[in-house]
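The values are calculated or read from the model by the stated rules, or taken from the named source; none is laboratory data. Keep in mind that what you see is a predicted model, and the values were worked out from it rather than measured. Here the Cβ positions follow ideal geometry from the backbone for every residue, glycine too, while neighbour counts run over all protein chains shown.
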Amino acid sequence: MSLRVRVLADDEPCQRLLRLGAGALSDAELVALVAGTEVEGCDDVAVGHQLILECGGLRGLSMAFPEELMRSPCTGPVEAARLLAAFELAGRATDAPTNRVVDTAAAIAELVSPALARERREKVVVLVADAANRVLRIVPVASGGSDSSPLPVREVLHAVLRYDGRAFALAHNHPSGDPTPSVQDREATAAAEQAADAVGLRFLDHVVVGRSSWRSVR
């Protein structure tokens, strides 16, 4: 595939975005702008196009690991970090809790499943809630391999207290797609509940998310 050579200054992606809006840019141009690929000998838009192809499209790119993004000789740690940060911001804007009440396991699962089901590695998040069980913040506290991730109880409590929470829930994904809680999941839940009682917090629930379903650990 040949890429059109841009010869006019006002035809550069940055100028076109400011003049016509982000919708006027191609996927590859948007990726190039976000990543800021400015390596000598590398065409920025060509790099963006190649990254999209190698990751199997934009959805694949949004789920890529840092080491996958850095396989390209024109994409280093800084460029990879910019892309990861952009997708994280987009996800947060889309999945913002907006004071949702999480007083049941189903409410917890409904809130976190869209994001956790996309994860390719196990990820643990804590839902920090106020006294009325309204979500104030969703905070990642651990990320592990393809099959397990430890639950850092101290980090969980720190996140809740840092955001002035009064209650909290836990959620994590099983990349295998099977949401059946493991023995370790149940032990970690018991430890979190005991720690919450010790510092005067309310523990709401712990939900495991699979590919298309979820289960409560309690």
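Screening G60, G91, G56, G144 for residues that are under 22 Å from S212 (Cα atoms) and either basic (K, R) or loosely packed, with under 14 Cβ neighbours inside 10 Å (or both) leaves exactly one candidate, G56.
Yes/no per residue for (1) of a type in the set (D, E, K, R); (2) over 20 Å from S62 (Cβ atoms):
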position: V102; (1), (2): no, yes
position: E119; (1), (2): yes, no
position: E122; (1), (2): yes, no
position: V126; (1), (2): no, yes
position: A132; (1), (2): no, yes
position: D178; (1), (2): yes, yes
position: V183; (1), (2): no, yes
position: R186; (1), (2): yes, yes
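One residue stands out in segment 117-139 among those that are under 19 Å from the mean Cα position of the chain (by Cα) and in a loop (DSSP other than H, G, I, E, B): the one that is nearest to H174 (Cα to Cα), namely E122. The single condition among (1) hydroxyl-bearing (S, T, Y); (2) assigned by TED's automatic domain parsing to the domain that holds L30; (3) under 18 Å from the mean Cα position of the chain (by Cα) that T75 does not satisfy is (3). For the residues P150, P114, the requirement of being over 17 Å from the mean Cα position of the chain (by Cα) and assigned by TED's automatic domain parsing to the domain that holds P175 singles out P150. Cβ-Cβ contacts under 8 Å between residues 6 or more apart (or on different chains), taken from a first residue in segment 187-210 that is touching a residue at least 40 places away in the same chain (Cβ under 8 Å) to a second residue that is part of a helix (DSSP H, G or I) and of a type outside the set (A, V, I, L, M), are listed as V209/S113.
Kindly establish whether H206 is surrounded by 21 or more Cβ atoms within 10 Å (Cβ to Cβ), farther than 14 Å from I108 by Cβ and under 19 Å from the mean Cα position of the chain (by Cα). No. For segment 65-116, the candidate set comprises residues that are among the β-branched types (V, I, T) and in a loop (DSSP other than H, G, I, E, B); within that set, the residue that is nearest to E54 (Cα to Cα) is T75.
For D103, the criteria (1) buried (at least 18 other Cβ atoms within 10 Å of the Cβ); (2) of a type in the set (D, E, K, R); (3) over 19 Å from the mean Cα position of the chain (by Cα) hold in every case but one, which is (1).
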